[in-house]
Each structure stands twice: as C-alpha cells, then as structure tokens.
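These notes are about the structure you will find just below.
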Amino acid sequence: MCTYRIASHLVAGVAMCGRPRIWVATNILRCQRAQCNHIDSFLFEQSVQNRSILFSKLFNMYVCYAPTNEKDEETKEDFYNKLQTLCDKLKEKDMTILMGDLNAKIGSDNNGYEEAMGRQGLGKMNENDEMLADFCAFNNIIIGGSVFPHRRIHKATWVSPDHRTENQIDHICIGRKFRRSMQDVRVQRGANAASDHHLVLARIKMKIKKREVKRSTRTQYNVDFLKDRVTTETFRLTVRNKYEALQDLLDEGNMDIDTQWQQIKEIWTSTCSEVLGKKKYQQKDWISADTVNKVQVRKEKKGAINNSRTRAAKATAQEEYTEANRAVKNSVKTDKANFIEDLAKEAEDASAQGNMKQLV
C-alpha cells in the first residue's frame, strides 16, 4: 500500500482564462508514460506529460474550471454535457478523479444526494452544486470535501477580495468504487501562492507495484547565491577562518593525509551548508538570492495571515502580505530583465568576435 497526495490546484489561476475548461489525463497505465488527451488545454498537459506514473490500475483524472453561478444555463449545461461525454468513455473498473474550481457550494444538506456527498460541506447548496451533485450521482462519484469532518478554516477554499466571505467551491471527487482509497480531503492554507484560492489536498491510499529507483545521495547547495557580492564575501571569509584553524592543527604534525582530506572536505561542506544552504527545490538560474529572500518573507507573511486571531490583525497581515507579494513580483521582473540583457550582451560580444559556436 502506498499513500499519495493530490492537489486541486494543478493549474493555478485557471479562473483568469475567462471561460470553462477541462483538462483530461486518461489511460495512465503502470510502467508507462501518461498519455494526455486534452480539450482546449495547453497547461495541464505539461504537468502530466513525460512522467512515469506507476499505478496498478488505469487512472483517469479531470481538472476542471466550471462556469460561475452567474453564467447562463446554456453555458452550464454545455460544460456538464462535455464532461459527461468524456465520462461515458471510461471503464467502471478504472479510478476516476474529478477536481478543480467547480464553483459549486455543496452545503451540509445532502437530502436526495446521499450517495454522492456527505454532510460535512460548508455553506448552503446553490444552483451550481445541484448540477454537480446530479452529475456525481449519475456517474457514481463522491464529493470528497463533503465526507471528512474538519474545522471551518480547513473547508473554505476561496476567500472574497474583502477577506470577509469564505466559500467551499474547489473540490476533489473520486469514483464510488474507490471511496475507501480516499483517506482525507482538506484545505492547506499555508501554501505560498498569490491567489484568492487555498490549496486543497486529498490523501489517497492505493496498491501499486514496487519498483526500485536509484536516487542520488549527493547534496546540492544553492550555489547561485554566490552571484550576490555580500554572500560571496561571507563565504570567502568563513572558508578563510576555517582554513586558518586547520593550519594550526597541521603545524602540530599529528594528522595523517586521510584525516587532512576529511578536514578539508568538512570545511567546504559545512561552509556551503551554513552560508548557502541546501537546495530544496529547482529554481531558475536567473533568479537572484535577493528574490529568494523576498519569497521567504512572503511565506512568513502568509503564515501571519493564517495565525491571526482578530479581524483587525488579519487585515493588517493581509496588507503586509500584499506588499511582500508586490516586492516579489517586481524583483522577479528585474531579475528576468537583467538576465535577458546579459544574454543580449553575450550574443553581441560573440558576434563581434565571430564566435558562432557561442551564439548557438
């Protein structure tokens, strides 16, 4: 048995697209690469493509952005008809997951929809939810967010611009046959994403085939931080001080060659760990250390919002987060502009020297 976490916001900011969309990942078979058949899609395909997913059974996933409650009936019916057409092609034995911004408030009253939803939903059911509930009931799908009991702050997935209204409109649903595989669905409020939607996580436990994967044990450090002059000077000073301490030990003559090598290796690894830090994730080469620090500050501001106990404190924390987010965006724009300018300068120098290989 193995437990997986599935996030509802594989496509961040999808609401900005302005119209309903459906992203489809079908026929994901063990030991094979995921085949993505997409409808009006350009983003989710990149998330699924070129990844080996080792499920013991076929796995079908739909990531959707549904019409809002204010849209006309024709638009809503067209969306669910398109989704139903896709579901009709699936096999009952395969696992099916429906997720995304479905713009449906499910509520806690499941009368008439006992097989499609539980009684742990937030708010009151609206017209969109009736269409979602009817669709789920017809296709034997369970709305995961309505099944598991949680506090209100761990159910609300969307916050209004005035930070007063909270709704549960993002959902992760699963086929009824695999209901026992879904162990939990809850909101992850600490996700550092500049969005009015919170991240929704589902924990799914399923049987998969064991596969030995060789992983590199080499530790990677944030060497890109050395582009910053202050960080470089700090790094040099730290190494110099440690070498001076090592030199005192070497002068005593009580250290063999192997011990000397271990001491030198320890100097470099400890300095990298202290000054640069271990690389936790892959980032663009052109992002500066200053931008990374600002991202960390934004993350702390996000935590302050979640930990606020009063409305006034939350409003103040939200203002600080907005300012920190603006600083991150401006810093990223500056880094990218500098990166492009450096590339242009390199190309210009290479062209002046007739070095066509460097241009390529």
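Taken together, the values in this text are just the output of simple stated rules run on the coordinates, not laboratory data. Fair warning: this is a prediction, and the values are worked out from it, not measured in the lab. So basically every Cβ, Gly included, is an ideal-geometry build from the backbone, and we count neighbours across all protein chains shown.
What the table below lists for this structure:
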read-out: Extended-chain gain in nm, criterion 0.36 nm per residue less alpha-carbon gap, residue 124 and residue 237; value: 34.5 nm
read-out: Three-way shape label, segment 69-213, alpha-carbon gyration tensor, a/c 1.5; value: oblate
read-out: Cβ-based net charge around residue 168, under 14 Å, with every Lys or Arg adding one and every Asp or Glu removing one; value: +2
read-out: Cα-only radius of gyration and Dmax that characterise segment 163-295, units Å; value: 24.2, 73
read-out: Rg [Å, one decimal], Dmax [Å, integer] - segment 257-360, C-alpha atoms; value: 21.4, 65
read-out: Cα-centre dipole for segment 289-359 with unit charges at Cβ (Lys and Arg positive, Asp and Glu negative), debye to 20; value: 700 debye
read-out: Positive-end extreme of charge dipole, segment 111-173 - chosen from 154, 125, 173 (charges on Cβ); value: 154
read-out: Gained length - residue 265 relative to residue 244, 0.36 nm times residue gap less alpha-carbon distance; value: 6.1 nm
read-out: Separation in nanometres of the label points that stand 7 Å from Cα toward Cβ, at residue 285 and residue 346; value: 0.5 nm
read-out: Net lengthening on full extension, residue 323/residue 339 (0.36 nm per residue, minus Cα-Cα); value: 3.3 nm
read-out: Unit charges at the beta carbon, dipole of segment 289-359: most positive-side option, 295, 306, 321; value: 306
